[in-house]
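Contents: one structure, followed by commentary.
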Amino acid sequence: MPQPHLAIATCAQPALYSQEPDDALLQAALHQEGINTDLVPWDDPTYDWSRPDLVLLRSTWDYPTRPAAFLEWVEGVSQVTTLCNPAELVRWNLQKTYLLDLHLRGVPTIPTVWLPAQSPVSLTSLMHAHNWSQVVIKPVIGTSSREAHVVSAQTVETGQRHLSRLLEREAVMVQPFLPAFYAAGERALIFINGVFTHAMRKRFTLMEGLDQAGQQSIPVSEEEQAFAREVLSRLPRVPLYARVDLVRDHRHTLVLNELEIIEPVLYLSHAHEALGRLTEEVSRRTRQAQQRQVTQTEPLHQHVRQGQRMQEAPPLVVDGVGGSSVSLLSRR
Ligand SMILES: Nc1ncnc2c1ncn2[C@@H]1O[C@H](COP(=O)(O)OP(=O)(O)O)[C@@H](O)[C@H]1O
Ligand SMILES: [Mg+2]
């Protein structure tokens, strides 16, 4: 039997990609386990994605500017081999409207105004209507703080220009600015195959000079771990890897900022045990996928059970606020 073969999907942009050691660590650890591992940008036109037994999504950080092409690639790969995490989770998690879905299933989230592309919006009216003196504007499809901007009463004109420019081409979300992002810090809780492995405090980068503590490995409370487990329990199946990003709101209540199941940085260099656990699980799944391909006793995607499709996010409710067409959906 040939060596089991894995492809780790990355991105081609060196400026984005050079920041993260996860993939190289994982590749080296998998080689030790006898898994032949390629690191390939997801949009490499020369690579044959039907060759690896399993494709592991990792640092595909440049997809937000080409989400349709990325989704098409995801669907194509899952037709010809096994993709982790699976396509249906990727499809659901690609747009931050999944937060709305989770919110409707009882997960506390940050209050959010969801703005479809092309909607005419007065930022001043929106902030006034919600009594928000400072807000964060971010695209509904984003990674690495892409186009995220903090706006206060003093910078509302620049903020309006930024918002209008984004809305010309994509959907945008607006949230009240939460100081906990730079004070206590946003916490990233990492889970491998449903098991909590470690947590990081994330660095706040939207405004210079505010974050005194920076990125660091941290212990997290049982409350935070239980919250994150609750979030994951809303998924139709346990993802191979997941990161739950938490923060506290103005009332010090824990809220979900993001659930990342496509391309989260996993901070493996900070957690030897997590690297070991992921290596073991990826290795097991790759061998299993190879076995399936060889024996051909079951369809390639037997593991994706039909009839268990994730509930789509419900349609946006449009609410007229301040004379503009905006939707307020995540207020508790
Ligand atoms: N409501 C908010 N208040 C303050 N800072 C925020 C808020 N939302 C996001 N940020 C900051 O912007 C960063 C990027 O936003 P996030 O929602 O994590 O999107 P992504 O990581 O996908 O770009 C966060 O890590 C945080 O530092
Ligand atoms: Mg984030």
Take segment 191-207 and flag every residue that is within 11 Å of ligand 1 (Cβ to nearest atom) and among the hydrophobic types (A, V, I, L, M, F, W, C). F204, L206, M207
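Could you count how many residues in segment 134-169 are more than 23 Å from Y98 (Cα to Cα) and touching a Gly at 6+ places or on another chain (Cβ under 7 Å)?
Qualifying residue count, segment 134-169: 1.
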Considering segment 144-171 alone, what residues qualify as being away from ligand 2 (no atom under 16 Å from the Cβ) and among the small types (G, A, S)? S152, A153, G159, S164, A171
Any chance segment 53-67 includes a residue that's without any contact (Cβ under 8 Å) to a residue 40 or more places away in the chain, in a loop (DSSP other than H, G, I, E, B) and out of contact with any Pro (no Cβ under 6 Å at 6 or more places or on another chain)? yes
Which of the residues belonging to segment 219-229 are within 18 Å of N257 (Cα to Cα) and in contact with a strand residue (DSSP E or B) (Cβ under 9 Å, 6 or more places away or on another chain)? V220, E223, E224, Q225, F227, A228, R229
If a residue has to be among the aromatic types (F, W, Y) and either closer than 19 Å to L235 by Cα or modelled with pLDDT under 95 (or both) to count, how many in segment 66-95 make the cut? 1
Identity of the residue in segment 191-208, away from ligand 2 (no atom under 14 Å from the Cβ) and either over 26 Å from E280 (Cβ atoms) or not aliphatic (A, V, I, L, M) (or both), that ends up surrounded by the fewest Cβ atoms within 10 Å (Cβ to Cβ): E208
Filtering segment 266-277 down to residues that are within 16 Å of ligand 1 (Cβ to nearest atom) and in contact with a helix residue (DSSP H, G or I) (Cβ under 6 Å, 6 or more places away or on another chain) yields L266
V77 in a helix (DSSP H, G or I) and under 16 Å from the mean Cα position of the chain (by Cα): no
Result of the Cβ filter at 7 Å on segment 173-187, keeping first residues that are at pLDDT 95 or above and partners that are in a helix (DSSP H, G or I) and more than 6 Å from ligand 1 (Cβ to nearest atom), at least 6 apart or interchain, is V174/L126; R187/E224
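The values are calculated or read from the model by the stated rules, or taken from the named source; none is laboratory data. Model, not experiment: these values are computed from the prediction. As a convention, Cβ positions derive from the backbone with ideal geometry for all residues, glycine included, and neighbour counts pool all protein chains shown.
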